[in-house]
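Before any comments, here is the structure.
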Amino acid sequence: MDFSLTDEQQRLVETARKFTREKIIPVAQKLDEHGTFPKEICEQAWEIGLMNVELPQEVGGLGLSTLDHVLMAEEVNYGCAGIGTTMFGNNLAAMPIMLAGTDEQKKKWLGMLTDAPVFAAYACSEPDAGSDVAGMRTTVRKVGDEYVVTGQKRWITNARYAQWYTVFGRIGEPRERHKGITCFVVPRDAAGISVGRKEDKLGQRASDTSDVILEEVKLTKANLVGEEGQGFKVAMKTFDRSRPWIAAGACGIMRRALDECRRYALERKAFGQPIAQFQAVQFMLAEMAMKYEATRLLMLKASWSIGQGKLDAIESSYAKAFGADSAMAVATDAVQVFGGYGYTKEYPVEKLMRDAKLLQIYEGTSQIQRMVIARNLLAQTAGQG
């Protein structure tokens, strides 16, 4: 067991940290305030290899591991979780193709992301099917050799800027639940594709979130990712791979909150001494540090397991659920440490609190993670019995 980083990993972290310090932190508050999409920042990140990090080398990607990815993602999210969500959204869109796509699909669609600083989006959630993926209502009709897709996808990151989408729809009746769900890769310029208005969000406001509407969109077998009816498995495996990324976002937010609070507590005076001298404040700082360290260990373990070929849902859910809940608690305490100042936009902790909330919601809520964990635990007990 060795928790030290390799020389290469240390360089990746230093590159991401320098980029965050110079390019993200100076503009994060302004982008958040106006809900501005960080296109220029993403283009700069693409130039130095901070986007599409897990894409294979065969298509021009860096071919980095999930562990490498989360180390870099923590640094970016230290600066701004909204920009982090935007930058790493391509990895989410690409994952179904990486897991189940053909060589031709990988070369074409993933190659687009490595050839130029463009975006892609993962379109799974719907107005009435967020946590309940198997309840999706997007329909897929087979007409000869074509697939005709109609439906509405909601909460789609990078939707308005994406060149293509990985879309999930249902072949068959809704009562069949997960059995008929199928995955497709859909070009943005396909006839029948439109994008809804931008959502006005509480936090992570630099991240673009919109609906994707499909009206009789005609596709061929070249657009089919994996096999018919196997899309639910592809979606679940994608989430198993992506949930450690959310834990990385949580780590970035918590480390930033701790740094801001430590600095403020040493400077701010009350009753004739720095508030860092008060046990009440010290205990909050200690709790922040413990939550950060525990989340980081869970994140590293889940990412390491993926690198060992052990795509384990329960480890990814541990990291995601504990990390998201911890980030929300830490960010809330950060506002408390700052007191009235923390409730204003003069300091960054109110933004950390708003950004952290989304970690408990997207890519499977904290409650869904607990269901995944419990089911895995119960299945293990049954198997051992």
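Values computed for the structure shown
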{"read-out": "Odd one out for Asn52 among (1) in contact (Cβ under 8 Å) with a residue 60 or more places away in the chain; (2) in a helix (DSSP H, G or I); (3) under 21 Å from Val225 (Cβ atoms); (4) under 20 Å from the mean Cα position of the chain (by Cα)", "value": "(2)"}
{"read-out": "Any chance Lys201 is open to solvent by 10 Å² or more (accessible area, probe 1.4 Å), in a helix (DSSP H, G or I) and in contact with a helix residue (DSSP H, G or I) (Cβ under 9 Å, 6 or more places away or on another chain)", "value": "no"}
{"read-out": "Filtered residues of segment 65-87 (kept if part of a loop (DSSP other than H, G, I, E, B) and open to solvent by 20 Å² or more (accessible area, probe 1.4 Å))", "value": "Ser65"}
{"read-out": "Considering residues of segment 92-131 that are farther than 17 Å from Phe168 by Cα and among the hydrophobic types (A, V, I, L, M, F, W, C) only, the residue most open to solvent (accessible area, probe 1.4 Å)", "value": "Met112"}
{"read-out": "Count of segment 191-243 residues which are of a type in the set (S, T, N, Q), under 30 Å from His34 (Cβ atoms) and under 16 Å from the mean Cα position of the chain (by Cα)", "value": "5"}
{"read-out": "Residue that is in contact (Cβ under 8 Å) with a residue 24 or more places away in the chain, over 23 Å from Glu74 (Cα atoms), out of contact with any strand residue (DSSP E or B) (no Cβ under 9 Å at 6 or more places or on another chain) and hydrophobic (A, V, I, L, M, F, W, C), where the choices are Leu377, Leu359, Leu298", "value": "Leu377"}
{"read-out": "Per-region count, segment 233-253, residues crowded, with 21+ Cβ neighbours inside 10 Å and either among the aromatic types (Phe, Trp, Tyr) or within 18 Å of Thr102 (Cα to Cα) (or both)", "value": "5"}
{"read-out": "Hits in segment 319-364 - residues which are small (Gly, Ala, Ser) and outside any helix (DSSP H, G or I)", "value": "Gly364"}
{"read-out": "Residues satisfying the stated conditions in segment 43-58, i.e. hydrophobic (A, V, I, L, M, F, W, C) and open to solvent by 20 Å² or more (accessible area, probe 1.4 Å)", "value": "Trp46, Ile48"}
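Rundown of residues vs (1) of a type in the set (Phe, Trp, Tyr); (2) surrounded by 16 or more Cβ atoms within 10 Å (Cβ to Cβ), yes/no style:
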position: Trp155; (1), (2): yes, yes
position: Asn158; (1), (2): no, yes
position: Ala162; (1), (2): no, yes
position: Glu215; (1), (2): no, no
position: Ala222; (1), (2): no, no
position: Glu227; (1), (2): no, no
position: Gln230; (1), (2): no, yes
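Results for (1) modelled with pLDDT under 95; (2) more than 18 Å from Ala247 (Cα to Cα); (3) aliphatic (A, V, I, L, M), shown as yes or no for each residue.
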position	(1), (2), (3)
Tyr318	no, no, no
Asp333	no, yes, no
Leu358	no, no, yes
Leu378	yes, yes, yes
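The values are calculated or read from the model by the stated rules, or taken from the named source; none is laboratory data. Nothing here was measured: the structure is a model prediction, and the numbers come from that model. In this analysis, Cβ positions are derived from the backbone assuming ideal geometry, glycine residues included, and neighbour counts consider all displayed protein chains. Side chains are part of the model used for accessible areas, which takes the heavy atoms of the whole protein and leaves out ligands, DNA and RNA. Shrake-Rupley method; radii C 1.70, N 1.55, O 1.52, S 1.80 Å.
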